[in-house]
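Got a structure for you, written out below as structure tokens; questions coming shortly.
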Amino acid sequence: MPWPRPGTQPWPPVDARLDRTPCPTGRVPSASLPVDGGRRSGLCIPAGGICLLVLSLRPGAGRVQMPNPQFLVLFGSQTGTAQDVSERLGREARRRRLGCRVQALDSYPVVNLINEPLVIFVCATTGQGDPPDNMKNFWRFIFRKNLPTTALCQMEFAVLGLGDSSYTKFNFVAKKLHRRLLQLGGSALLPVCLGDDQHELGPDAAVDPWLRDLWDRVLSLLPPPPDLAEIPPGVPLPSKFTLLFLQEAPSTGSEGQRVAHPSSQEPPSESKPFLAPMISNQRVTGPSHFQDVRLIEFDISGSGISFAAGDVVLIQPSNSAAHVQQFCQVLGLDPDQLFTLQPREPDVSCPTRLPQPCSMRHLVSHYLDIASVPRRSFFELLACLSLHELEREKLLEFSSAQGQEELFEYCNRPRRTILEVLCDFPHTAAAILLDYLLDSSSSSIRQGPSISLLDAAGEGPAAFPLASLDPGQGPVRVPLWVRPGSLAFPETPDTPVIMVGPGTGVAPFRAAIQERVAQGQTRNFLFFGCRWRDQDFYWEAEWQELETRDCLTLVPAFSREQEQKVYVQHRLRELGSLVWELLDRQGAYFYLAGNAKSMPADVSEALMSIFQEDGGLCSPDAAAYLARLQRTQRFQTETWA
């Protein structure tokens, strides 16, 4: 990959005399240039057949005085949380009268880091310790072995990580990036922040105190202009966009979705999903079961989609017509009003999937995520816009660090949606300026020639209405695409696999078992857990048929069919000698998928017991054995909240 071209930021004045030294590649010389009392060192790196000179300041080099105090926030985000935290940093910087650019890591020219005096990195960790999709290019680049150890010695930095402690490699990306930036000469303002989804207050429990310390450090490095006062929290900042309303419909233009067509050369993606026909939509839980779980099948013939066991199907959601109508009523919007969107600042671009011009109905239906549980930033914005004293007081409390426990009880625990919150604060909702619509409720994305999904439909407005779609009543098409999953299965034919998948966690293992059986790999061991055999035993007949063919060993755990609850971790311990034999003597791979709350820790504890009781290991050796399985990818997890 060629080194990106440097940006337009000017270099400090340099003395043009070069100290010639041998080139590491043997092609052209590297250089060392005196700069403002320090020295700028160089390393020649071959890129695309051309040797480029990478420049970096050595310790002691003078810093460039910037006309306005400013810094950079770079994020790697998979589900939007890291982006939300980054935008919060940007807002707080503006309130402190500091210039702040906020960008996704892969949209930033990485070579420009050598010019940045202060950078905050906000990074999520996905899968088995993997970086998010929008920072993978940056990740590959920053770990190049031939980067100079002084490349970033002029840069102060801080790393904020977002992860889930139910995963083995908790916040692995943030920890590894922090170490790498130090290796390249950067100076850390603070220890790395480790936000945890599993905390009862979410990542903010770690993020809030860390940000307080961060602002103390930042303001000591970049004091704001003395003649400008800080903007108080209750005063709204300018919106990102301006909505320009049209008096009449344009003669051309369409609000149709950008979709991938069968003849397209590129596979479907988030920006251009495939409109897949729904083949079937079946409820697979019993009629008296509390949860409506659906097995949904789509036809992907001619889509160009290819996938393997464990890959993830992503569906572009839309809000129901009833919720769209209710949202428009609460905010006093005309659903048929047409508008165009105009960014207020030159570095802000319009959403790529939003047509121009657009109707309010289309905006609310396909772009605004009104059925999601709102983040804290949503309450901060509402508090700024509210003109109602009592509602504003409550919103300010919810958006404060001190009010996070009460916010959790009001919003997160009952899974209250954006639409429901607006209904609870009607005076504030009616006062929302339309320019802030895109600031208040952001967009969100929720085998053979077909793809099957096992979807656990939730209750209330937050549930994406897949369950209500019935292809028997007429054609149904759903926009979707596929991205690689985090589970990788062994290619060697004789390697056994142990799969633990309670509830809907069994879904990725069904595809894996089907694929392995088709390839003649019959050493498949599945530990499946559910409540009742006759209510939520997914694919029971299919598992039993595979058992009769000696292609599968199934170990079910029905938690409610006896007085004392029995879970998958209990079944693992009962068969501890078999599990140890498979792992230690036969080189089996162990997989875990399902709810992230307590099950992963319980399964890991069961394995530790097996290693000690059946493997004869002491506690430290058992922990080291488990860590070795994880390190060598023989123990993999995929869990979700």
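The values are calculated or read from the model by the stated rules, or taken from the named source; none is laboratory data. Here the structure is a predicted model, which means the values were calculated and not measured. Virtual Cβ from ideal backbone geometry, glycine too; neighbours counted across all protein chains shown. These area figures cover heavy atoms from the full protein model, side chains too; ligands, DNA and RNA do not enter into them. Shrake-Rupley method; radii C 1.70, N 1.55, O 1.52, S 1.80 Å.
Just the number, please: carbon plus sulfur as a percent of the accessible area of region 64-198, 1.4 Å probe, no ligands or DNA/RNA counted.
Details: 2350 of 4820 Å².
Carbon and sulfur: 49 percent of the exposed surface of region 64-198.
With r defined as the distance between the Cβ atoms of residue 217 and residue 397 and R0 fixed at 22 Å, what FRET efficiency is calculated, to the nearest 0.05? Write out the running numbers ahead of the final one.
On the way: r = 28 Å, r/R0 = 1.27.
Efficiency, rounded to the nearest 0.05: 0.20.
Also, I was wondering about something else. Could you please put 566, 324 in sequence from largest to smallest accessible area, using a 1.4 Å probe?
Values: 566 25, 324 5 Å².
The residues order as 566, 324, largest area first.
Averaged across orientations, what area in nm² does the convex hull of the alpha carbons in region 58-210 project?
On the way: hull surface 36.3 nm².
Hull-based average projected area comes out at 9.1 nm².
Counting other Cβ atoms within 10 Å, keep those with at most 16, restrict to DSSP loop, and tell me which GluC sites (Glu not before Pro) in region 537-619 are left.
Working: sites: 540, 542, 545, 547, 561, 563, 574, 581, 605, 613; in loops: 561, 563.
Answer by residue number: 561, 563.
Where does each of 107, 86, 320 land when they are ordered by accessible area, with a 1.4 Å probe and the largest first? Please list the in-between numbers first.
On the way: 107 70, 86 0, 320 35 Å².
These residues rank, largest area first, as 107, 320, 86.
Regarding region 526-567, what's the average projected area of the Cα-atom convex hull, expressed in nm²? Each step should come with its number before you reach the end.
Details: hull surface 11.3 nm².
Result: 2.8 nm².
May I ask you to give the solvent-accessible area per residue for region 499-641, in square angstrom, as obtained with a 1.4 angstrom probe?
On the way: 6460 Å² over 143 residues.
Heavy-atom SASA per residue in region 499-641 reads 45 Å².
May I pose another question? If you look at just the Cα atoms of region 468-558, how large are its Rg and its Dmax in Å?
15.5, 46
Now for a different question. Name the lysines eligible as straight-distance cross-link partners of residue 240: C-alpha to C-alpha under 26 Å, and not fewer than 8 places from it in the same chain.
Result set, ordered by chain and number: 272, 394.
Which lysines have a Cα less than 27 Å from the Cα of residue 169, not counting those fewer than 8 places away in the same chain?
Partners found: 136, 145, 597.
Keeping all protein chains in position, work out how much accessible area residue 560 exposes to a 1.4 Å probe, and write it in Å² to the nearest 10.
70
Beyond 21 Å, what share of the Cα-Cα pairs of region 555-617 remains, rounded to the nearest whole percent?
Value for region 555-617 (Cα pairs over 21 Å): 23 percent.
Also, quick follow-up: What is the spread of the Cα atoms of region 266-395 along each of their three principal axes, largest first, in whole Å?
52, 46, 29
Now a separate question. Determine the sum of side-chain charges near residue 375: Lys and Arg each +1, Asp and Glu each -1, restricted to other residues whose C-beta is under 11 angstrom from that of residue 375. Each step should come with its number before you reach the end.
Values: positive: 88, 376; negative: 84, 87, 204, 369, 380.
Every neighbour counted, the sum reads -3.
While we're on this one: Could you state the orientation-averaged shadow area of the convex hull built on the Cα atoms of region 286-351, in nm² to one decimal? It would help to have the intermediate numbers written out before the result.
On the way: hull surface 41.3 nm².
Its Cα hull, projected and averaged over all orientations, spans 10.3 nm².
Hey, another quick one. Leaving ligands and nucleic acids out of the surface, order 608, 135 by accessible area at 1.4 Å, largest first. Could you put the intermediate results ahead of the total?
Working: 608 40, 135 0 Å².
Final ranking, largest accessible area leading: 608, 135.
Here's another thing I want to ask about it. What's the carbon and sulfur percent of region 277-381's accessible surface, probe 1.4 angstrom, rounded to a whole number?
Working: 2160 of 4530 Å².
On region 277-381, the fraction of accessible area on carbon and sulfur atoms equals 48 percent.
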